[in-house]
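Taking it in order: structure first as structure tokens, then the write-up.
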Amino acid sequence: MLFSSVSFLLFFLPSLLAVYFCVPRRFRTLRNLVLLIFSLFFYGCGGVRFLLLMLASIMINYIGGMLASLKNKRGAKWGMIGAVICNLLLLGYFKYTGFFTQTLHSFIPSVEVVNVVLPIGISFYTFQGLAYVVDVYRGDTRVQKNPLWVALYISLFPQLIAGPIVRYQTIADEIKGRRENMEDFSAGCVRFMIGFGKKMLLANAAGRLADIAFGFPSEHMSVSFAWMGALAYTAQIYFDFSAYSDMAIGMGRMFGFHFLENFNYPYISKSVTEFWRRWHISLSSWFRDYVYIPLGGNRCSVPRHMLNIMIVWFLTGMWHGASWNFIIWGLYFGIILLIEKYLLAGVLDRIPSIIRHIYTMVLVVISWVIFRSEDLSAVWTYLGAMFGIGAEGFWSKQTVYYFIQFYPEWILFFICSTPVAMVVGKYLTTKKNLFSGFVLNFVPKIFAVAVFILGYIELVNGSFNPFIYFRF
Amino acid sequence: MKKVSGFLAVICFLTLIFSGMVVTVAKLKEEKSFYENRMLDAMPQYSEQAVADGTYFTDLESYLADHAAFRYTLLKFRTYFNEYIIRRPVVNNVIVRDDILLIYLDYCFFDREELKEETDSFVSELSKLQNLVEGYGGNYYYVGVPCQYAIFEDKYPSYLENRAEYTDEVLADFNAAADKYGVNFIDAGQCKELMEGRDIYSSKVDNHYSLQGAYVSYKYIIDNINKDTGGELKYPADDEITFTELKNNYLGSSSRKLFGITKITETLFTAEFSENISFTREDDGAAGYSQVYYPPENEYKDVMYDLYMCGDRAETVIKTNRPQLPDVLIYGDSFTNALECLAYYSFDEMRSIDLRHYDKMSLADYIEEYKPDYVICIRDYEALIKTEGNGSPFGEISE
């Protein structure tokens with residue numbers, strides 16, 4: 001079930017709100033059970049067999065957590081390792097079997113290609129489960145002895161299928177002791193409505209443009225059109241994913257949970273290193289805490305540090321998808337980060353910020369082309385077209401049309417990628433008068449309701465509604 | 001102020017989602033969407049398998065999306081917003097110009113050699129059909145009529161596709177192939193009167209020609225047939241036909257896609273011959289009313305192109321009981337409809353089939369059974385070499 005679907009928006013969410021808030025606050029356990037049941041139903045809508053798989057994952061992590069909390073250090077270690085292996089085996093089987101057998105098949109044709117259907121959100125809930133068990137083992141968080149609350153943590157529907165990857169310690173206390181209130185509920189509603197509007201009005205429009213460009217006959221593609229398509233995908237992936245995070249964070253707040261932010265205006269970055277501090281923060285910090293630092297981080301020799309970074313980025317690529325594109329995409333970022341760390345350190349700071357910004361965005365846009373293309377040959381063809389190799393001229397009527405047709409969206413892509421609203425908000429905060437107070441308090445809410453209504457219009461208008469991050 | 005604004009935001013949000021739920025549930029479940037010209041999704045059938053693999057909820061979502069609260073009103077609002085506020089050049093797949101609504105065409109890339117081969121192969125099939133007709137002494141003609149985008153090529157903005165290059169190429173190939181195989185091809189686009197009087201003869205809100213355009217095309221076709229056969233097929237002269245304008249607003253395919261929200265309006269015409277020709281009509285084997293025009297009940301209702309012949313029918317037979325005149329079979333897409341309203345003038349019996357709907361036998365078998373004196377295929381430029389539907393005279397008939 002998608003957040004941006006009629007069944008979710010007009011049926012699932014109102015029903016859940018009605019049932020949940022009918023239960024008095026003092027019956028916390030009952031409220032949690034309501035959330036759990038609705039979350040399982042939410043996931044089960046994608047196919048009951050996948051629900052069984054998620055329940056198995058919950059079971060593994062519950063037992064793994066219990067073992068990892070044993071006072072016997074050896075037993076705890078093996079408990080943690082066992083849970084990690086089981087999690088990775090599940091993820092490996094469902095996500096990578098097809099890729100590995102396909103790769104083997106290309107070398108040894110007698111190996112049969114096995115196609116396994118990828119359960120929605122497995123990458124997200126597996127990483128959450130892993131984080132829980134490891135944190136318990138490390139003593140960073142207390143073990144949860146009630147399996148229902150482990151189930152609630154892993155299956156909590158707002159962040160279940162497309163993140164953000166929530167650490168158990170972030171919501172451990174809130175599972176048992178949160179206090180829902182009007183302020184949180186209101187902030188959650190506003191955040192949800194803005195996320196919904198962002199998804200329907202910006203991400204989907206950008207997606208239509210990107211699909212047209214990436215599906216366009218490469219021999220007829222002009223340089224400008226190739227760049228337009230790449231920029232459209234750059235907009236799509238950001239607005240799509242950040243919209244989902246907005247909705248997840250917003251709904252979390254409605255029910256009293258406070259998830260951490262997942263994006264911080266990544267497209268204003270002035271280096272790729274900064275970009276990754278602002279993009280998909282929950283994933284970057286997960287890899288930092290559970291892979292990079294355990295490997296030794298930067299407290300080791302330079303070659304070892306470089307190896308650590310490349311391992312992390314190889315795994316980041318693999319996490320995003322079982323295909324060579326994603327691996328190359330991950331390694332691409334690994335190499336750029338190494339270059340920035342060891343060759344450009346100090347150099348970038350001396351360059352005018354506009355140049356640094358352009359440098360960053362060009363590299364990011366190229367990375368999204370690698371990410372979006374169907375296969376490696378499509379990557380080279382598309383990148384070639386962007387740089388004039390095999391392109392049909394520089395300018396084309398398609399470029400003109402898609403810029404004119406989608407001109408409101410292009411303007412909004414630009415504005416909404418930057419913290420304009422935040423800057424205006426900060427400015428108004430300094431003006432302590434009635435007008436600024438009114439604007440600060442009412443305008444964001446009016447805006448949220450308006451984009452929510454416009455988003456709903458888009459929802460009923462079309463079936464073009466895919467969430468990119470569901471495939472991870 | 002923060003509390004008040006927050007409270008109001010919550011009220012708005014909850015009102016929207018709860019009223020959305022109530023209205024969607026309570027809303028009368030329509031089966032068809034008139035403006036979209038399609039059937040709406042039906043409630044999915046429950047099955048354990050569908051629930052297990054998730055298809056049940058996917059189908060349920062499609063159903064709910066089709067019946068969502070305020071859908072129709074919001075779609076109209078969206079159309080208005082895009083057309084008049086944002087002023088997008090293309091709205092709901094319609095290019096909105098100041099004086100005309102044009103069909104949006106996908107960017108067209110084609111390989112000249114492949115197109116030539118495709119056309120050759122298509123015409124080669126037609127030659128077999130023509131041989132069949134000529135085998136019993138009949139005459140076969142394949143007629144290409146220019147549709148709106150071909151007539152108003154110059155009205156397309158330079159950055160949008162008008163298929164001019166493709167149209168020129170396919171017509172040149174078709175003519176060459178027709179010469180090669182001896183197929184009788186009449187290109188109504190060569191009719192000067194039709195092209196020069198395009199403001200009258202072609203619709204501005206639809207892909208079809210007007211009734212007057214059909215009349216001009218028909219005269220051109222008959223003139224060419226007579227020139228070819230030396231025959232004396234008759235059509236009503238200009239002073240033997242009277243066109244009458246309906247008061248109803250014409251909702252063409254383009255204006256319909258825009259939910260009727262457009263400043264460009266048009267009306268339709270009916271025609272009356274000075275000579276009274278009585279006839280009987282059968283549709284799909286059943287006797288029908290002796291009429292070829294089907295206007296709305298009153299002048300306030302929109303009229304559509306199905307004014308002519310009551311729209312696309314699988315089979316229609318019109319008998320004028322004038323045995324001295326030849327019989328004709330006309331087949332083709334919806335461009336036949338307006339033309340048929342006039343064509344029965346020239347024939348004793350006029351049969352009309354549309355292979356997109358007719359499924360009793362193939363066209364070839366139909367011709368074998370009835371052996372009409374003339375077989376005329378009417379296809380617009382867009383469908384000129386399309387092999388599906390009316391482009392499949394020997395194949396199994398399906399759409």
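The values are calculated or read from the model by the stated rules, or taken from the named source; none is laboratory data. Because the structure is a prediction, the values reported are computed rather than measured. Cβ sites come from the backbone with ideal geometry, for glycine too, and all protein chains shown count toward neighbours.
Name the residue that is farthest from the other protein chains (Cβ to nearest Cβ), counting only residues in region B:67-91 that are aliphatic (A, V, I, L, M) and outside any helix (DSSP H, G or I).
Step one: list which residues in region B:67-91 are aliphatic (A, V, I, L, M), which gives B:68-69, B:74-75, B:85-86, B:90-91.
Adding the requirement that they be outside any helix (DSSP H, G or I) leaves B:68-69, B:86, B:90-91.
Values: B:Ala68: 5, B:Ala69: 7, B:Ile86: 6, B:Val90: 6, B:Val91: 10 Å.
Ranking the qualifying residues of region B:67-91, first place goes to B:Val91.
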Legend entry - Unique residue being at pLDDT below 95, over 24 Å from B:Thr265 (Cα atoms) and not hydrophobic (A, V, I, L, M, F, W, C) when the list is B:Tyr136, B:Tyr104, B:Tyr140, B:Tyr84: B:Tyr136
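Look through A:Ile165, A:Ile175, A:Ile212 and report the one residue that is among the aliphatic types (A, V, I, L, M), in a loop (DSSP other than H, G, I, E, B) and either away from chain B (no Cβ under 12 Å) or more than 19 Å from A:Phe414 (Cβ to Cβ) (or both). First the steps, then the outcome.
On the way: A:Ile175 fails: in a loop (DSSP other than H, G, I, E, B); A:Ile212 fails: in a loop (DSSP other than H, G, I, E, B).
Just a single option satisfies the conditions, and that option is A:Ile165.
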Legend entry - Checklist (1) out of contact with any strand residue (DSSP E or B) (no Cβ under 6 Å at 6 or more places or on another chain); (2) surrounded by 14 or more Cβ atoms within 10 Å (Cβ to Cβ) applied to B:Val303, failing item: (1)
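Which ones in region A:1-13 are in a helix (DSSP H, G or I) and more than 7 Å from every other protein chain (Cβ to nearest Cβ)? Before the answer, list the steps.
Filtering region A:1-13 down to residues in a helix (DSSP H, G or I) leaves A:6-13.
Within region A:1-13, A:Phe8, A:Phe12 meet the criteria.
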Inset, instruction - Determine whether region B:118-138 contains at least one residue that is of a type outside the set (Ser, Thr, Tyr), surrounded by fewer than 21 Cβ atoms within 10 Å (Cβ to Cβ) and in contact with a Cys (Cβ under 7 Å, 6 or more places away or on another chain). - result: no
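Here is a yes/no grid of residues against (1) surrounded by fewer than 20 Cβ atoms within 10 Å (Cβ to Cβ); (2) in contact with a Cys (Cβ under 7 Å, 6 or more places away or on another chain); (3) more than 25 Å from B:Asn139 (Cβ to Cβ); (4) of a type outside the set (D, E, K, R):
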residue: B:Ser210; (1), (2), (3), (4): no, no, yes, yes
residue: B:Ile221; (1), (2), (3), (4): no, no, no, yes
residue: B:Asn226; (1), (2), (3), (4): yes, no, no, yes
residue: B:Lys234; (1), (2), (3), (4): yes, no, no, no
residue: B:Ile241; (1), (2), (3), (4): yes, no, no, yes
residue: B:Thr244; (1), (2), (3), (4): yes, no, yes, yes
residue: B:Lys263; (1), (2), (3), (4): yes, no, yes, no
residue: B:Thr267; (1), (2), (3), (4): yes, no, yes, yes
residue: B:Glu275; (1), (2), (3), (4): yes, no, no, no
Inset, instruction - Taking B:Val4 as the residue in question, decide whether it is facing chain A (nearest Cβ under 9 Å), modelled with pLDDT under 90 and farther than 18 Å from A:Leu10 by Cα. - result: yes
Inset, instruction - State all residues of region A:324-353 that are at pLDDT below 90 and either in contact with a Ser or Thr (Cβ under 7 Å, 6 or more places away or on another chain) or surrounded by 12 or more Cβ atoms within 10 Å (Cβ to Cβ) (or both); if no residue qualifies, say none. - result: A:Leu344, A:Leu348
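Filter the helices (runs of 4 or more DSSP H) completely within region B:152-209 down to those with at least 1 residues that are of a type in the set (Gly, Ala, Ser) and either over 13 Å from B:Leu102 (Cβ atoms) or within 20 Å of the chain's Cα centre (by Cα) (or both). Show your work before the answer.
Numbers: elements: B:164-181, B:192-196, B:198-201.
Here the list reads B:164-181.
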Inset, instruction - Tell me, please, whether a residue that is assigned to a helix (DSSP H, G or I) and either buried (at least 23 other Cβ atoms within 10 Å of the Cβ) or at pLDDT 90 or above (or both) can be found in region A:107-118. - result: no
Legend entry - Odd one out for A:Leu30 among (1) in contact (Cβ under 8 Å) with a residue 60 or more places away in the chain; (2) closer than 22 Å to A:Phe257 by Cα: (1)
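Within region B:321-363, work out how many residues are of a type in the set (Gly, Ala, Ser) and farther than 16 Å from B:Tyr141 by Cβ.
In the first step, residues of region B:321-363 are kept if they are of a type in the set (Gly, Ala, Ser); the result is B:332, B:334, B:338, B:343, B:346, B:352, B:362.
Next, only the ones that are farther than 16 Å from B:Tyr141 by Cβ stay: B:334, B:338, B:362.
Residues in region B:321-363 being of a type in the set (Gly, Ala, Ser) and farther than 16 Å from B:Tyr141 by Cβ: 3 in total.
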Legend entry - Condition check for A:Met228: modelled with pLDDT of 95 or more and within 30 Å of A:Ile171 (Cα to Cα): no
Inset, instruction - Scan the helices (runs of 4 or more DSSP H) fully inside region A:368-464 and keep the ones with 3 or more residues being within 8 Å of another protein chain (Cβ to nearest Cβ) and free of Cβ contacts under 8 Å to residues at least 12 places away in the same chain. - result: A:397-405, A:434-461
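If I filter region A:196-209 down to residues being buried (at least 20 other Cβ atoms within 10 Å of the Cβ) and more than 14 Å from A:Leu412 (Cα to Cα), which single residue comes out as farthest from the other protein chains (Cβ to nearest Cβ)? Give the steps one after another, and end with the answer.
Filtering region A:196-209 for residues buried (at least 20 other Cβ atoms within 10 Å of the Cβ) gives A:196-207, A:209.
Right, trim to more than 14 Å from A:Leu412 (Cα to Cα) and you get A:196, A:207, A:209.
On the way: A:Phe196: 10, A:Gly207: 17, A:Leu209: 13 Å.
Top of the filtered list is A:Gly207.
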Legend entry - First in region B:371-387 and in a loop (DSSP other than H, G, I, E, B), second anywhere and aliphatic (A, V, I, L, M) and crowded, with 23+ Cβ neighbours inside 10 Å, Cβ under 7 Å, 6 or more apart: B:Pro372/B:Val328; B:Pro372/B:Leu329; B:Asp373/B:Val328
Inset, instruction - Test A:Met66 against the criterion of being under 22 Å from A:Leu152 (Cα atoms) and more than 27 Å from the chain's Cα centre (by Cα), and give yes or no. - result: yes
Inset, instruction - Give me a count of the residues in region B:178-211 that are of a type in the set (D, E, K, R), over 26 Å from B:Ser255 (Cβ atoms) and touching a residue at least 60 places away in the same chain (Cβ under 8 Å). - result: 1
Legend entry - Selection within region B:92-125 - in contact with a helix residue (DSSP H, G or I) (Cβ under 8 Å, 6 or more places away or on another chain) and in a helix (DSSP H, G or I): B:Arg112, B:Leu115, B:Lys116, B:Thr119, B:Asp120, B:Phe122, B:Val123, B:Ser124
Inset, instruction - Give the residue, chosen from A:Gly425, A:Gly388, that is touching a helix residue (DSSP H, G or I) at 6+ places or on another chain (Cβ under 7 Å) and at positive phi. - result: A:Gly388
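Out of the residues in region B:357-370 that are among the charged types (D, E, K, R) and in a helix (DSSP H, G or I), which is farthest from B:Ser278 (Cα to Cα)? I'd like the intermediate steps shown before the answer.
Initially, region B:357-370 is screened for residues among the charged types (D, E, K, R), giving B:359-360, B:365, B:368-369.
Next, from what is left, pick out any that are in a helix (DSSP H, G or I): B:365, B:368-369.
Working: B:Asp365: 29, B:Glu368: 28, B:Glu369: 26 Å.
Per the stated criteria, the residue is B:Asp365.
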Inset, instruction - Determine whether A:Leu40 is modelled with pLDDT of 90 or more, within 24 Å of the chain's Cα centre (by Cα), in the same structural domain as A:Ala131 (by TED's automatic domain parsing) and not β-branched (Val, Ile, Thr). - result: yes
Inset, instruction - With the condition kept exactly as written, say whether any residue in region B:19-28 is within 20 Å of A:Gly455 (Cα to Cα), among the hydrophobic types (A, V, I, L, M, F, W, C), within 7 Å of chain A (Cβ to nearest Cβ) and more than 35 Å from the chain's Cα centre (by Cα). - result: yes
Inset, instruction - Mind listing just one residue for me: the one in region B:52-66 that is more than 7 Å from every other protein chain (Cβ to nearest Cβ) and crowded, with 19+ Cβ neighbours inside 10 Å and, of those, nearest to the chain's Cα centre (by Cα)? - result: B:Asp66
Legend entry - Among (1) within 30 Å of A:Phe50 (Cβ to Cβ); (2) out of contact with any Lys or Arg (no Cβ under 8 Å at 6 or more places or on another chain); (3) more than 7 Å from chain A (Cβ to nearest Cβ), the one test that B:Leu40 misses: (2)
